[in-house]
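K.L.:
Handing you this structure, nothing more for now.
The values are calculated or read from the model by the stated rules, or taken from the named source; none is laboratory data. This structure is a prediction, so every number in the text was calculated from the model and none was measured. Cβ placement follows ideal geometry from the backbone for every residue including glycine, while neighbour counts extend to all protein chains displayed.
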Amino acid sequence: MNINLLPFVFALFGLGLFCLLTRRSLVKLLIGLELLGKATTLAIIWAGVVQKTPATTQSIALLVISIEAVVVAVYLALVYAFHRHNQSLDTDDMRRLKG
Amino acid sequence: MTAQLAGLLLFLIPFAGALLIPLVNFFAPRAVPWLAVLFGLASSVIAFFLLGGTPAGAPITLDILPGFFRSGLLLDPLSLVPALIATWIGFLVLIYSLGYMKGEENLARYYALVLLFIGGMVGMALADNFLALFFFWEVMGVCSYQLIAFFYKDPKAAAAGAKAFLTTKIGDIGLLAAIIILAVNSGSFSFSVNFGAAAGLALPVLGLAAFGFILGAAGKSAQFPLHVWLPDAMEAPTTISALIHAATMVNAGVYLLARVSPLLALVPWSLTLVQWIGAITALLGALLAAFSNDLKRILAYSTVSQLGYMVLAVGMGAAFASQFHLFSHAIFKGLLFLCAGAVIHAIGTRDIRQMGGLYKHMPAVAITFLIGAMALLGLPFLNGFFSKDFILEEIILGGAWGPLALALIAGALTAFYALRTTFVVFWGKPNYQTHPHKTPANMVVPLLALALACFLSWLLVGPLSEAWIASGLPAPALSALELIRVTFSSLAFLFSLAAIVVGFFLFLQRARLARYFHEQEPGWIRATSRGLGFDDLYTWLADRIRDFGVWVRMFWEERVMEGINRFAAWGSLGLSRLSCRLQTGDVHWNLLYVTLTLIVVLGVALW
């Protein structure tokens, strides 16, 4: 494996960040979040390849994936509750924390 | 017993009594008055040892603060006169109090304070340094304040106590300043060291110290312009008026002036100032006494006036004459106050217009009061005659004609008010409503003792002047016979006789005078009923000072402190407004902050 995955990781992370900062739909935010997560998982795996400890990093990656599944579940539940409450998925409708 | 030990016991015994009385009061309150009399008796017996043994050898000195301050006893005639007066008159007043204060509340407080006062006065007189003198001076001040306000439930008495305390405090500040000036100069508080070192001081500084002493003496001895507290102090029980405000404490200022007279002699203007203060006070006191209708106020103003004479004598450089008059005055004024107490005790009012004809009910009191009044106006062969003529003589010798004129007018007025008061109270038409109480025997005995002393005390001039000369103080060598010869052959005798005659004439014409004043009512007459406006002036001044204090407080609290508060509030509000801008509530902004923070943290960690 001679390809360097790091630029790809950064591109994925940047894409996720861009998605998070610019999209207004809560579902799109979830997608951005997932992109961030995937970039992170990829970075961990790539770190294992570089450090020659693939077994450890792969097990950590598995753990991260499973935690992400939980995060997604909770996030979706929150979005569902928000939608039920406001009939909307737009982040412009959630400005109640404005100072 | 050596004189030194006697001197030490003389003020330690009353102090011990003052400590013990509150304890005794817990389990035997009825024994308290008798215990106090016992302590008074003990110290007045010990006082005789001081008379006999002229102080010789090393005096007692104690290291109060080792290496810094030592205090000792000074037993010369100048200090013994006030100490012995305080002890003996204090003892008589304690006996008199048995009858006068019977049935009052808080007797333990009363007797403890009286004993504390006697100890303070003796300690003040016998101190050989300024610091101890100042300490006991303040002890007296506190006792005076407490005893004036003894009937503290009466707001007038409480106010009078506070007034006396504050007014004398003005003088005390002067005294303290003078003591500090001298102590800084010489590094010692002792009298002798300071008098020696004072010549090395610059004249303005020395003048400041002299002025401080004069101010202190004026406060304590109720001299013009600080005399206003003494008439109000008559709210005290009459026993206290007799002891503190006639016989003892008010003499402390005269004693102080006599004590620092070597120092005053170094400052040219200070003696002139003392003369004029004394003369003005003598006249002012006599004038106010002549127009007063309150028996105790008359006596208080009379005391102010007589103290003026003593201060005048000190101003003439005649400390001996002033102490001689002090001695006479303590006796006859103590007598007059105790008589007044008997009258007030009997009738229950202090207004002489509601008295009259009391001779029938209390002849002993009437006769002794008459003797006291005659001694006050200076009838020949009574003690007041010799001592007052002595002072007038010294004034003539010194050639101070201005003060002499004032003193003579005061003398005429003294004769007038002494006669008027005696006549209106004890002879004249009865005006009282109640049936007078009988005077108890334990109140009459001190009166008789003091009346006798009015006739005899001037005979002591011989031993007194001998003792003065023996201890190196300036005094003329006089025996009693010599005193008679000198007095009757002097110009002062004619002057004082003329003053008495004028006073007697005024007394005879009092009905016409009263009609004139009633019909014409000149402005200054109305002013005398308000103490010639001094109280109003001081009230105005005090109000201005208070207003200034209020303004300072307002400025500090409302402007400075409140300003700091406002600035803090305004600043934090502004900051929070600014930081509110950051909180858009928009998720994306929050995410941006999170990202930026992470970048910063990462940057720091990598760097």
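K.L.:
Quick one: how many residues across segment B:370-390 are part of a helix (DSSP H, G or I), within 21 Å of B:LEU299 (Cα to Cα) and not charged (D, E, K, R)?
P.N.:
Matching residues across segment B:370-390 total 13.
K.L.:
So, one more: Return yes when B:ILE395 is outside any loop (DSSP other than H, G, I, E, B), out of contact with any Cys (no Cβ under 7 Å at 6 or more places or on another chain), more than 16 Å from B:PHE324 (Cα to Cα) and β-branched (Val, Ile, Thr) and no when it is not.
P.N.:
No: the conditions fail for B:ILE395.
K.L.:
Identify the residue in segment B:193-229 that is in a helix (DSSP H, G or I) and free of Cβ contacts under 8 Å to residues at least 12 places away in the same chain and, among all such residues, is surrounded by the most Cβ atoms within 10 Å (Cβ to Cβ).
P.N.:
Looking at residues that are in a helix (DSSP H, G or I) and free of Cβ contacts under 8 Å to residues at least 12 places away in the same chain, I get B:VAL193.
K.L.:
Residues that are more than 14 Å from every other protein chain (Cβ to nearest Cβ) and without any contact (Cβ under 8 Å) to a residue 24 or more places away in the chain: list the helices (runs of 4 or more DSSP H) wholly contained in chain A that include at least 3 such residues.
P.N.:
Those helices (runs of 4 or more DSSP H) span A:26-51, A:54-86.
K.L.:
Could you tell me whether any residue of segment B:332-344 is crowded, with 24+ Cβ neighbours inside 10 Å and among the basic types (Lys, Arg)?
P.N.:
Yes, some residue in segment B:332-344 is crowded, with 24+ Cβ neighbours inside 10 Å and among the basic types (Lys, Arg).
K.L.:
Out of the residues in segment A:72-99 meeting the condition of being β-branched (Val, Ile, Thr) and surrounded by 14 or more Cβ atoms within 10 Å (Cβ to Cβ), tell me which one is nearest to A:GLY37 (Cα to Cα).
P.N.:
A:VAL72
K.L.:
What do you reckon, is B:LEU113 at pLDDT 85 or above, of a type outside the set (Gly, Ala, Ser), more than 20 Å from B:LEU19 (Cβ to Cβ) and in contact with a helix residue (DSSP H, G or I) (Cβ under 9 Å, 6 or more places away or on another chain)?
P.N.:
When the stated conditions are applied, B:LEU113 does not pass them.
K.L.:
Now for a different question. I need a count of the residues in segment B:117-138 that are surrounded by fewer than 23 Cβ atoms within 10 Å (Cβ to Cβ) and not in a loop (DSSP other than H, G, I, E, B).
P.N.:
Qualifying residue count for the region: 5.
K.L.:
Are any residues in segment B:142-164 outside any loop (DSSP other than H, G, I, E, B) and in contact (Cβ under 8 Å) with a residue 60 or more places away in the chain, and if so, which ones?
P.N.:
Listed by number, the residues that qualify are B:CYS143, B:SER144, B:LEU147, B:ILE148, B:LYS156, B:ALA157, B:ALA159, B:ALA160, B:GLY161, B:LYS163, B:ALA164.
So that you can scan it fast, the table gives a plain yes or no per residue for (1) more than 8 Å from chain A (Cβ to nearest Cβ); (2) surrounded by 10 or more Cβ atoms within 10 Å (Cβ to Cβ); (3) closer than 19 Å to A:ARG96 by Cβ:
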{"site": "B:TRP556", "(1), (2), (3)": "yes, yes, no"}
{"site": "B:MET561", "(1), (2), (3)": "yes, yes, no"}
{"site": "B:PHE567", "(1), (2), (3)": "yes, yes, no"}
{"site": "B:GLY571", "(1), (2), (3)": "yes, yes, no"}
{"site": "B:LEU575", "(1), (2), (3)": "yes, yes, no"}
{"site": "B:VAL587", "(1), (2), (3)": "no, yes, yes"}
{"site": "B:THR595", "(1), (2), (3)": "no, yes, no"}
{"site": "B:LEU598", "(1), (2), (3)": "yes, yes, no"}
{"site": "B:TRP607", "(1), (2), (3)": "yes, no, no"}
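K.L.:
Also, I was wondering about something else. Please name all residue pairs, on different chains or six or more residues apart, with Cβ atoms under 6 Å, provided the first residue is in segment B:28-46 and is free of Cβ contacts under 8 Å to residues at least 60 places away in the same chain and the second residue is of a type outside the set (A, V, I, L, M).
P.N.:
Pairs that qualify, where the first residue is free of Cβ contacts under 8 Å to residues at least 60 places away in the same chain and the partner is of a type outside the set (A, V, I, L, M), are B:SER44/B:THR87; B:SER44/B:TRP88; B:SER44/B:PHE91.
K.L.:
Looking only at segment B:429-440, which residues are surrounded by fewer than 17 Cβ atoms within 10 Å (Cβ to Cβ) and touching a Gly at 6+ places or on another chain (Cβ under 8 Å)?
P.N.:
Listed by number, the residues that qualify are B:LYS429, B:PRO430, B:ASN431, B:THR434, B:PRO440.
K.L.:
Are any of the residues in segment B:385-397 of a type in the set (Phe, Trp, Tyr) and without any contact (Cβ under 8 Å) to a residue 40 or more places away in the chain?
P.N.:
no
K.L.:
So, one more: List the number of the failed condition for B:LYS360; all other conditions in (1) farther than 23 Å from B:TRP88 by Cβ; (2) crowded, with 22+ Cβ neighbours inside 10 Å hold.
P.N.:
Just one mismatch for B:LYS360, condition (2).
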